[in-house]
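Below is one structure; the comments refer to it alone.
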Amino acid sequence: MQIVLFCLKNDNNYQLTANTYQVSYQQVYQWVKKYEAGDEQSLKDKRGRNKEEHERTTEEKFKVEIKQLEHENERLRTENALLKKLEELEGRKVM
């Protein structure tokens, strides 16, 4: 917020702001545009925030379930491949 306000105070001088705060010109530009489009809330970093179950749409719930099933499927494939490899190695020891 501080960077955006500094930039706006200085007539949208992105280069001055970038140099002052030692961030990239592009980053300052994006932050200012986000601020102008949607206020302070648009600058909040929402990465890593998981929605509560009641906040999810039906489509989001299905996507989460599919992702969980894909993860489980991959884990089972890996486990199966490991067991096959183990059987192969044990078969070589017997001979």
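The values are calculated or read from the model by the stated rules, or taken from the named source; none is laboratory data. Nothing here was measured: the structure is a model prediction, and the numbers come from that model. For neighbour counting, all protein chains shown are included, and Cβ atoms are generated from backbone atoms with ideal geometry for every residue, glycine included. For the accessible areas, the whole protein counts, side chains as well, though only heavy atoms, and no ligand, DNA or RNA atoms are used. Shrake-Rupley method; radii C 1.70, N 1.55, O 1.52, S 1.80 Å.
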Please tell me if residue 64 is surrounded by 10 or more Cβ atoms within 10 Å (Cβ to Cβ), at pLDDT below 95 and either basic (Lys, Arg) or touching a Leu at 6+ places or on another chain (Cβ under 8 Å) (or both).
-> no
Spans of helices (runs of 4 or more DSSP H) in region 1-56 with at least 3 residues aromatic (Phe, Trp, Tyr) = 25-38
Could you list, in sequence order, the residues of region 1-51 that are of a type in the set (Val, Ile, Thr) and open to solvent by 70 Å² or more (accessible area, probe 1.4 Å)?
-> 20
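If we scan region 41-48, do we find a residue that is closer than 13 Å to residue 3 by Cα and modelled with pLDDT under 80? Talk me through it step by step, then tell me what you get.
Here is the first cut: in region 41-48, the ones closer than 13 Å to residue 3 by Cα are 43.
With modelled with pLDDT under 80 added as a condition, the list becomes 43.
For region 41-48, residues closer than 13 Å to residue 3 by Cα and modelled with pLDDT under 80: present.
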